[in-house]
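Structure first, then comments.
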Amino acid sequence: MKYTFKGGIHPNDGKAATENKPIVQLAAPEELVFPMVQHIGAPCSPCVAVGDAVKVGQKIGDSDAFVSVPVHSSVSGTVKAIEKRRHPNGSVVECVIIENDGLNTMHEDIHAYDDIDALTKDEMIALVRKAGISGMGGAGFPTHVKLNPPADKNIDICIVNGAECEPYLTSDHRVMIETPKVVLDGTKLIMKILGVDKAYIGIEENKPEAISSMTECAKGYDGIEVKVLKTKYPQGSEKHLIKALTGREVPSGKLPADVGVVVNNIDTCTAVYNAIAYRRPLISRVVTVSGAGIKEPANYRVLIGTPFEYVIDSAGGLKEDVAKVVMGGPMMGIAQFDLSVPVVKGTSGILAFTEDEVKPKNYSPCIRCGKCVRNCPMGLMPLYINAYAQARDVEKCLEYNIMDCISCGVCSYTCQCEQLPSQNIKLIKDEIIRRRKQVK
Ligand code: SF4
Ligand code: SF4
């Protein structure tokens, strides 16, 4: 049986270019850039000064806020500057710039610990925060907050998101094939922290090698089960994954914890294991570099702070006819206009597309074909929300439940009139969020 949800689409998955490419450790560049905000929540403030010497894994930024995580240096070297730089999300934020000394001097705290079975739940949560872990699927929610739900939420299932439903991306796929034990050891620790005895690893059926690697390895772990999901976008959305695997529906405005579930990404489980077993902070991640505009597509383990252009050059560089570079997948990723931006904790992919691939369709008024409604995984009416968004009628957008939109891009993908509903809806959603923050 294949688990799935209602709605969604089947885009060309584009994964063939990298799904069989083993993860390669990318060498560190000479200069790395560390934005003080790489997560949802309060930004960090630098805790180093220009001229300071730093080691690998040393904390360089932190905040007193609960919903925030520290930032660590991924190389040893010297703090060269603290200044505003471009973030891959398009904003300009405070960054710590570090000149790499090439010595790779590790911070003293980072080594294997053999006392991890004796750690309490609170000690493990503190280690996860200390390691600066935020969700690595792209959303960037601080993991220690997820692992510490309010006492009235009865969590009984832990889900590990191995769907990787975005086309082109194969970083989770490769992690599941190459290091399944680390993912499962991390899952076991998360289960212990949450006090649950059941975990599902959800993997789309287009990753048979990952399914067999994880299923074989999971035989040695009580309570962890691999579940095969139908290949359909956006199967990896938290709400749709929960619905497919447990039948539970997360109500409008609520969180997975409200239905007793906590969802974590594959590489987040790896990071949790490294944080607890080795006190190793989140200083690297696997990035898929692909798309028809990349000369030599690859999966790299990249140090956080490495500039995009360095990663792209390592993959042979861009082809002549590249029209767009995107961070993340093609459906929900963010277009880039400055390739000096650094890889951050949420950078799952760097994709380059050619003119042919991004050429707009012909614009025309909405013909009410209903495709966007039929495919919207949230059961919304994108054509109406789009029309009200274009008219900037916030009240009407709210009446049509705009805040339930997960910005999956399905409506824009299916619209033959180039109405771009998803983009128009996101602009108004961001505006509503901004206004609500101002009122607070
Ligand atoms: S898919 Fe496009 S043309 Fe069709 S109803 Fe939706 S917005 Fe209108
Ligand atoms: S972007 Fe929003 S409105 Fe469009 S299909 Fe996805 S959830 Fe529905």
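None of the figures in this text is laboratory data; all of them are computed from the coordinates on show. Since we're looking at a predicted model, the values are computed, not measured. All Cβ positions, even for glycine, are placed from backbone atoms using ideal geometry, and neighbour counts span all protein chains on display.
Highest mean first, what order results for 350-359, 185-194 on Cβ atoms within 10 Å?
Working: 350-359: 18.4, 185-194: 22.4.
Order by mean packing, descending: 185-194, 350-359.
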Name the long-range amide H neighbours of residue 74: under 5 Å, sequence gap of 5 or more, or other chain; modelled H, no Pro or chain starts. 57
Kindly identify segment 102-217 as rounded, prolate or oblate by the Cα gyration tensor criterion: order the square roots of the eigenvalues as a ≥ b ≥ c, call it rounded if a/c is under 1.5, otherwise compare a/b with b/c, prolate if a/b is larger, else oblate. oblate
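List the relative contact order of segment 389-440 as a percent without decimals, with contacts defined as Cα pairs under 8 Å and 6+ residues apart.
Numbers: 28 pairs, mean separation 19.2, N = 52.
Worked out over segment 389-440, it gives 37 percent.
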What FRET efficiency would be calculated for the residue pair residue 109, residue 334, taking the C-beta separation as r and a Förster radius of 30 Å, to the nearest 0.05? 0.35
Under 18 Å from residue 243, Cα to Cα: aspartates and glutamates that are on another chain or at least 8 residues apart: 156, 164, 204, 205, 225, 258, 404
Given contacts defined as C-alpha pairs under 8 Å and at least six residues apart, what's the relative contact order of the chain, whole-number percent? 19
Kindly list the residues of segment 53-74 that lie in the label zone of residue 101, defined by a backbone N under 19 Å from the point 7 Å along the Cα-to-C-beta vector. 53-61, 72-74
To the nearest 20 debye, what charge dipole does the chain have about its Cα centre, counting +1 at the Cβ of each Lys and Arg and -1 at the Cβ of each Asp and Glu? 1360
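Among DSSP beta bridges whose residues both lie in the chain, state the antiparallel percentage, nearest 5.
Values: 38 of 62 bridges.
Bridges in the chain that DSSP calls antiparallel: roughly 60 percent.
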Note the full-extension length gain between residue 65 and residue 78 as 0.36 nm times their separation in residues minus their Cα-Cα distance, in nm to one decimal. 2.0 nm
How high is the relative contact order of segment 1-150, in percent, with contacts defined as C-alpha pairs under 8 Å that are six or more residues apart? 22
Taking a ≥ b ≥ c as the square roots of the eigenvalues of the Cα gyration tensor of the chain, is the shape rounded (a/c under 1.5), prolate (a/b larger than b/c) or oblate? rounded
Could you work out how much longer the chain between residue 45 and residue 296 gets when fully extended? Use 0.36 nm per residue separation minus the Cα distance between them, nm to one decimal. 86.6 nm
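Taking the Cβ of each residue in 34, 66, 5 as the centre, tally the other Cβ atoms inside 10 Å and list the residues starting with the fewest. Provide the component values of the computation, followed by the final result.
On the way: 34 27, 66 12, 5 20.
Ordered by Cβ neighbours within 10 Å, fewest first: 66, 5, 34.
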About the Cα centre of segment 212-366, how large is the charge dipole given +1 on each Lys and Arg Cβ and -1 on each Asp and Glu Cβ? Please answer in debye to the nearest 20. 520
Which of the peptides 236-243, 114-121 is most tightly packed, and how do the rest follow, judged by the mean count of other Cβ atoms within 10 Å per residue? 236-243, 114-121
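Taking neighbour counts of Cβ atoms within 10 Å as a proxy for exposure, in what order, fewest first, do 248, 86, 129, 368 appear? Before the final figure, lay out each step's value.
On the way: 248 15, 86 19, 129 22, 368 10.
By the 10 Å Cβ count, ascending, the order reads 368, 248, 86, 129.
Please order 314, 412 by the number of other Cβ within 10 Å, starting at the fewest. Write down the numbers at each step before the final one.
Values: 314 18, 412 21.
The fewest-first ordering by Cβ neighbours comes to 314, 412.
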Between the residues 349, 68, 236, the Cα farthest towards the positive end of the dipole of the chain, that dipole coming from +1 and -1 charges on the beta-carbon of Lys, Arg, Asp and Glu, is from 236
